[in-house]
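Working notes, structure below.
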Amino acid sequence: LAQQRLLIKGGKVVNDDCSVVADVYVEDGVVQQVGPNLNPEPSTGLVVLDATNKLVIPGGIDTHTHMQFPFMGSRSKDDFYTGTKAAIAGGTTMIIDFAIPQKGCSLIEAFDTWKSWADPKVCCDYSLHVAVTWWSNKVKEEMKTLVQNKGVNSFKMFMAYKDVYMVNDEELYAAFSCCKELGAVAQVHAENGELIAQGAKKMLAMGITGPEGHELCRPEEVEAEATQRAITIANAVNCPLFVVHVMSKSAAKVISNARREGKMVYGEPIAASLGTDGTNYWNKDWAHAAAYVMGPPLRPDPSTPGFLMSLLANDDLSVTGTDNCTFDICQKALGKDDFTKIPNGVNGVEDRMSVIWEKGVYSGKMDENRFVAVTSTNAAKIFNLYPKKGRIAVGSDADIVIWDPNATRTISAKTHHQANNFNIFEGMVCHGVPVATVSRGKVVYEGGAFNVIAGEGKYVSRPPFPPYVYKRVRQREQV
């Protein structure tokens, strides 16, 4: 099938470092020209998109999703088809999901399993982080194989979910050391799993069984303490650290302070922590409250989202994901009488870009260039996808979104494309709407209509030693 030849006319091309009014010409899935008044020949068979008075931005990269994830006795509703379809409707053209082995199981087998789920279904490009849930020489060897042969350059360690995924400090030290040797980025889910386990017992003993118990047993300091500990251990081995789903002011402050001390740490707030808060856990309607349950929890301090957005705007926090892991009302009801059994997870993959534009750009906290940095470019740099992804320039992949900063939309479960029957941003009016999404040079979404086939997306390999992260590591080694 011949690739579409595409001309995007009259828009303002926005990259993380500058904005310029220019046309963009695309052929064979790659940007061929960027400049004023382009007239590519022949004009026959040329698809033209008019972007007058609109922004032309790099497609979003969601650094954190869990599609069709088997978790807590259930499986997340969005599979790799509905999840990536919803992503492109929201202006995201690449997701990075997680392959998560059970303790004692093979990392490579987990990677192959997730890839076999994704390949036939994805509507946009994707990549995979791999979780390290236990430690042995076999794990170390498999990490090496994944980096050298499978295009993986990031590994996630859980400091929570005791007896399921959690690793201890000694294992963290070993895993971080291995990441650094291999040129990978270490990621952590930062919460003190021991304190959570004790706190949950205490809440249940007091007769607190509802969704509010979830937040009460994992308060902010439990997240802040683990974040501090992870940064300390990573710094001891000179390994770059990426803290996933930053949910609280206190954890964000820990990251901010560490960055100011020159430590190599990147924080990832998510659409949920930037767009809503944990007061929902006390809602009288159990189903409503349970829908917001995720780990780490949303915080009941209603000034948290604004605080996190301010830190994101000034580079104390670096990138945004969603931790998209959707469970419907029936699945959540597994924990009707015990909050520890409510499957953890919320939506976000479709709404992330609009929520960040609304709360970040429209509110005046960040400009359009910083928006591109935190939704796409920084992720591409950290995970070594740049400049193929995260930029509109000659030679870059044609993953492009035409963004209308003046249009509005109201988020609702009735109209979203996700497989879930609940949306945590229900009723939020967002300024900033994707009008058209281009993936690999093909217009896959335009004006509310899809033009996409399952499996059209591709797995993207990520080479080790991303320069954006590892230039400093190498220099520090020498010094």
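Would you mind telling me which numbered condition in (1) open to solvent by less than 10 Å² (accessible area, probe 1.4 Å); (2) under 17 Å from VAL14 (Cβ atoms); (3) part of a helix (DSSP H, G or I) LYS381 fails?
(1)
Could you grab me the full set of residues in the range 246-264 that are touching a helix residue (DSSP H, G or I) at 6+ places or on another chain (Cβ under 7 Å) and either open to solvent by less than 20 Å² (accessible area, probe 1.4 Å) or free of Cβ contacts under 8 Å to residues at least 12 places away in the same chain (or both)?
Matches in the range 246-264: VAL246, MET247, SER248, ALA251, ALA252, ILE255, SER256, ALA258, MET264.
Would you confirm, using the coordinates I've provided, whether LEU317 is closer than 24 Å to ILE382 by Cβ, open to solvent by 10 Å² or more (accessible area, probe 1.4 Å), among the aliphatic types (A, V, I, L, M) and at pLDDT 95 or above?
In short, no.
How many residues does the range 408-430 hold that are within 21 Å of the chain's Cα centre (by Cα) and part of a strand (DSSP E or B)?
Qualifying residue count for the region: 1.
Would a scan of the range 212-226 turn up a residue that is surrounded by fewer than 19 Cβ atoms within 10 Å (Cβ to Cβ), in a helix (DSSP H, G or I) and either under 25 Å from the mean Cα position of the chain (by Cα) or aromatic (Phe, Trp, Tyr) (or both)?
Yes, there is a match, as at least one residue in the range 212-226 is surrounded by fewer than 19 Cβ atoms within 10 Å (Cβ to Cβ), in a helix (DSSP H, G or I) and either under 25 Å from the mean Cα position of the chain (by Cα) or aromatic (Phe, Trp, Tyr) (or both).
Can you name the number of the only condition in (1) open to solvent by less than 10 Å² (accessible area, probe 1.4 Å); (2) of a type in the set (Lys, Arg); (3) under 17 Å from the mean Cα position of the chain (by Cα) that ARG370 fails?
(1)
Would the range 440-459 turn up any residue that is within 16 Å of ALA380 (Cα to Cα), polar (S, T, N, Q) and either part of a strand (DSSP E or B) or out of contact with any helix residue (DSSP H, G or I) (no Cβ under 8 Å at 6 or more places or on another chain) (or both)?
Checking the range 440-459: not a single residue is within 16 Å of ALA380 (Cα to Cα), polar (S, T, N, Q) and either part of a strand (DSSP E or B) or out of contact with any helix residue (DSSP H, G or I) (no Cβ under 8 Å at 6 or more places or on another chain) (or both).
Looking at PRO405, PRO387, which is the one that is open to solvent by 10 Å² or more (accessible area, probe 1.4 Å), part of a loop (DSSP other than H, G, I, E, B) and modelled with pLDDT of 95 or more?
The unique qualifying residue is PRO387.
Considering each residue of the range 332-346, count those that are under 21 Å from GLN68 (Cα atoms), free of Cβ contacts under 8 Å to residues at least 60 places away in the same chain, charged (D, E, K, R) and open to solvent by 10 Å² or more (accessible area, probe 1.4 Å), and give that number.
0
Residue-wise test of (1) surrounded by fewer than 24 Cβ atoms within 10 Å (Cβ to Cβ); (2) touching a residue at least 60 places away in the same chain (Cβ under 8 Å); (3) farther than 25 Å from GLN32 by Cα.
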residue	(1), (2), (3)
SER396	yes, yes, no
THR410	yes, no, yes
GLN418	no, yes, yes
ARG440	yes, yes, no
VAL443	yes, yes, no
GLY457	no, yes, no
PRO464	yes, yes, yes
ARG476	yes, yes, yes
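Among the residues of the range 132-149, write down those that are under 25 Å from the mean Cα position of the chain (by Cα) and over 21 Å from PHE465 (Cβ atoms).
THR133, TRP134
For the range 133-183, which residues satisfy the criterion of being basic (Lys, Arg) and farther than 17 Å from PHE111 by Cα?
If the condition is that a residue be basic (Lys, Arg) and farther than 17 Å from PHE111 by Cα, then LYS162, LYS180 are the ones that fit.
The values are calculated or read from the model by the stated rules, or taken from the named source; none is laboratory data. Being a predicted model, the structure only gives us computed values, none of them experimental. When we count neighbours, we look across all protein chains shown, and the Cβ atoms used for this are built from the backbone with ideal geometry, even at glycine. Side chains are part of the model used for accessible areas, which takes the heavy atoms of the whole protein and leaves out ligands, DNA and RNA. Shrake-Rupley method; radii C 1.70, N 1.55, O 1.52, S 1.80 Å.
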